[in-house]
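Written below as structure tokens is the structure these notes are about.
The values are calculated or read from the model by the stated rules, or taken from the named source; none is laboratory data. Treat the numbers as computed from the prediction; the structure is a model and nothing was measured. Cβ placement follows ideal geometry from the backbone for every residue including glycine, while neighbour counts extend to all protein chains displayed. Each accessible area value is taken on the protein alone, full model and side chains, heavy atoms only, with ligands, DNA and RNA left out. Shrake-Rupley method; radii C 1.70, N 1.55, O 1.52, S 1.80 Å.
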Amino acid sequence: MLKWIQILLLAFLSPPATASPAASERVESMLEALGGREIWASARTLYLTERARHAVYGDGIVATHWRNLEAPGERMRWDGDHIDFEMAWTSQQGWVRRGGDLRDLKPAELNTRRLAWPGDLFVLLHRLATNDKTLTIALDGSSIIVTDPAGTRIARLQLTNRDEISVWEKAAEHPAMFLFGPYRRFGEVRFPDWSAISNGEWAAYHVQLRLSQQAFLKNVSVKRPCLGWQGGALHGAGCDETP
């Protein structure tokens, strides 16, 4: 508890990430529209459930995501008539399962996810709420531009005249642009009702969205699962034996 009181004090009392007064004011208004700076600053984990459509796997996908907001890490699952997919990873390791096929993430795959993590929308909102000093913020018309210490663009957040996010454009190894619908309330948080990637590959209604002050690994396990019957109490090859 003391740790989070200190974080909130730092977020409110210390100078913001490098930004002009106008940019800082726009970020503050954006966070207020999302439910308030305090909620996003104190969050450590995010949970999201979506009802989605994929260009390859069709309609009716139930997608669940656990996102670590403090350090690179995620667990996600897609269930549908044509997809049974699950993945979990941290900075050190990860795995992916498609149906009965389970494998470890390759180093290059893990590195791609680590590099993309700082610009993830939810991670970025947490970093902005805590006044992450490594971020530089600028305005370009109705958009907030966020760059890293090297001057490399991380993301663009286009806002409506009510300071609600209408576009999130991420600039990672695989750039993408997401479009967002009108806001609605998810408990204490306000967030868009739906989102869609601009290339048409993915679109989803947001069913549940929750922020947790518990650490990521307190909310979810990233241990490698065991597939099939393992002969009583014995673990099969490749399983994580820790409970």
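For region 103-147, residues that are farther than 25 Å from L211 by Cα and among the charged types (D, E, K, R) total 5.
Against the criterion of being over 25 Å from H206 (Cα atoms) and open to solvent by less than 40 Å² (accessible area, probe 1.4 Å), I137 qualifies. The C-beta contact set for region 120-137 (first residue assigned to a strand (DSSP E or B), second residue open to solvent by less than 10 Å² (accessible area, probe 1.4 Å), distance under 7 angstrom, 6+ apart or interchain) comprises T136/A17; I137/A17; I137/A23; I137/V27; I137/I144; I137/V146.
Going by the conditions given, is W78 open to solvent by less than 10 Å² (accessible area, probe 1.4 Å), on the phi < 0 side of the Ramachandran plot and either modelled with pLDDT under 95 or aromatic (F, W, Y) (or both)? So W78 does not fit the description; no.
Of the residues that sit in region 99-117 and are open to solvent by less than 40 Å² (accessible area, probe 1.4 Å) and within 15 Å of the chain's Cα centre (by Cα), which one is farthest from A43 (Cα to Cα)? Only one residue tops the list, namely T112. Checked against the criterion of being over 20 Å from E70 (Cα atoms) and in contact with a helix residue (DSSP H, G or I) (Cβ under 9 Å, 6 or more places away or on another chain), the candidates D193, D163 yield just one match: D163. Taking the numbered list (1) in contact (Cβ under 8 Å) with a residue 60 or more places away in the chain; (2) open to solvent by less than 20 Å² (accessible area, probe 1.4 Å) in turn, V96 passes all entries but (1). Pairs meeting the criteria (first residue in region 46-60 and surrounded by fewer than 18 Cβ atoms within 10 Å (Cβ to Cβ), second residue of a type in the set (S, T, N, Q) and in a strand (DSSP E or B), beta carbons under 6 Å, at least 6 apart or on different chains) are T49/T64; T49/Q208. Out of L135, L125, one residue alone is hydrophobic (A, V, I, L, M, F, W, C) and over 22 Å from I197 (Cβ atoms). It is L135. If I ask for residues that are open to solvent by 70 Å² or more (accessible area, probe 1.4 Å) and either of a type in the set (G, A, S) or outside any loop (DSSP other than H, G, I, E, B) (or both), which ones from region 141-178 would you list? Across region 141-178, the qualifying residues are A150, R153. So is T130 open to solvent by 20 Å² or more (accessible area, probe 1.4 Å), hydroxyl-bearing (S, T, Y) and touching a Pro at 6+ places or on another chain (Cβ under 9 Å) or not? Considered against the rule, which asks whether it is open to solvent by 20 Å² or more (accessible area, probe 1.4 Å), hydroxyl-bearing (S, T, Y) and touching a Pro at 6+ places or on another chain (Cβ under 9 Å), T130 comes out as no.
Residue pairs whose Cβ atoms lie under 9 Å apart, sitting 6 or more positions apart in sequence or on different chains, and linking a residue in region 200-216 that is within 15 Å of R190 (Cα to Cα) to a partner that is hydrophobic (A, V, I, L, M, F, W, C) and open to solvent by 40 Å² or more (accessible area, probe 1.4 Å), are Y205/W194; H206/W194; V207/V62.
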